[in-house]
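Chemist: Have a look at this one.
The values are calculated or read from the model by the stated rules, or taken from the named source; none is laboratory data. The structure presented is a predicted model; accordingly, all values stated were derived computationally and were not measured. As a convention, Cβ positions derive from the backbone with ideal geometry for all residues, glycine included, and neighbour counts pool all protein chains shown.
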């Protein structure tokens, strides 16, 4: 009895790094990864290894079809052919960016539609569904706020809005020990005249 496998396919394509694609499919569980066109010239060569029950992973569905050429007049149809070949061999495909799966009829139709739009646009750009999934991954990235600065926020507000502190230089000298800067105070607290004082 043959053991089912998780096969990743990545394609060298401008603006879609092979390394990023490899991380995506390996992160989703791929134990075998075929790179097009370096290891396998086309998806047909990569899919020769698919067996019944196997899962094929690709980061973005629009990276599956071959580029337009004399042999491939309609890349969107070529991509649909690839999905049908996976299914003919008893496997199924998952797009790791959105987790959509060809085993689900509705998701399969959406994948084919997105692939057709993206390939038809010429640049293999991301669909709105893929962009939403990509944006969700970015949550939590970026510089984390300094807890010391946040803890001193009330003290910084008192300095910033105090009528007793007459000059910018004086305010600056008092803010710096709290971890604040004039730029940050103006951005987060508003003008010193208090017209944009935050509501509590």
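Chemist: Kindly indicate the residue of segment 10-50 that is within 17 Å of residue 90 (Cβ to Cβ) and not in a helix (DSSP H, G or I) and also modelled with the lowest pLDDT among those meeting that condition.
Modeler: 49
Chemist: Among the residues of segment 187-199, is any at pLDDT below 80 and surrounded by 17 or more Cβ atoms within 10 Å (Cβ to Cβ)?
Modeler: Yes, there is a match, as at least one residue in segment 187-199 is at pLDDT below 80 and surrounded by 17 or more Cβ atoms within 10 Å (Cβ to Cβ).
Chemist: Mind checking whether some residue in segment 13-24 is farther than 20 Å from residue 119 by Cα, without any contact (Cβ under 8 Å) to a residue 60 or more places away in the chain, surrounded by 13 or more Cβ atoms within 10 Å (Cβ to Cβ) and in the same structural domain as residue 117 (by TED's automatic domain parsing)?
Modeler: yes
Chemist: Only one of these is modelled with pLDDT of 65 or more and farther than 30 Å from residue 4 by Cα: 144, 117. Name it.
Modeler: Answer to the check: 117.
Chemist: Just checking, does segment 86-95 include any residue being assigned to a helix (DSSP H, G or I), in the same structural domain as residue 17 (by TED's automatic domain parsing), loosely packed, with under 13 Cβ neighbours inside 10 Å and at pLDDT 90 or above?
Modeler: Yes, segment 86-95 contains at least one residue that is assigned to a helix (DSSP H, G or I), in the same structural domain as residue 17 (by TED's automatic domain parsing), loosely packed, with under 13 Cβ neighbours inside 10 Å and at pLDDT 90 or above.
Chemist: A follow-up question, please. Can you run down the residue pairs with Cβ atoms below 8 Å, 6 or more apart or on separate chains, where the first is in segment 170-196 and more than 11 Å from residue 156 (Cβ to Cβ) and outside the structural domain of residue 155 (by TED's automatic domain parsing) and the partner is in a loop (DSSP other than H, G, I, E, B) and modelled with pLDDT of 80 or more?
Modeler: Pairs that qualify, where the first residue is more than 11 Å from residue 156 (Cβ to Cβ) and outside the structural domain of residue 155 (by TED's automatic domain parsing) and the partner is in a loop (DSSP other than H, G, I, E, B) and modelled with pLDDT of 80 or more, are 196/190.
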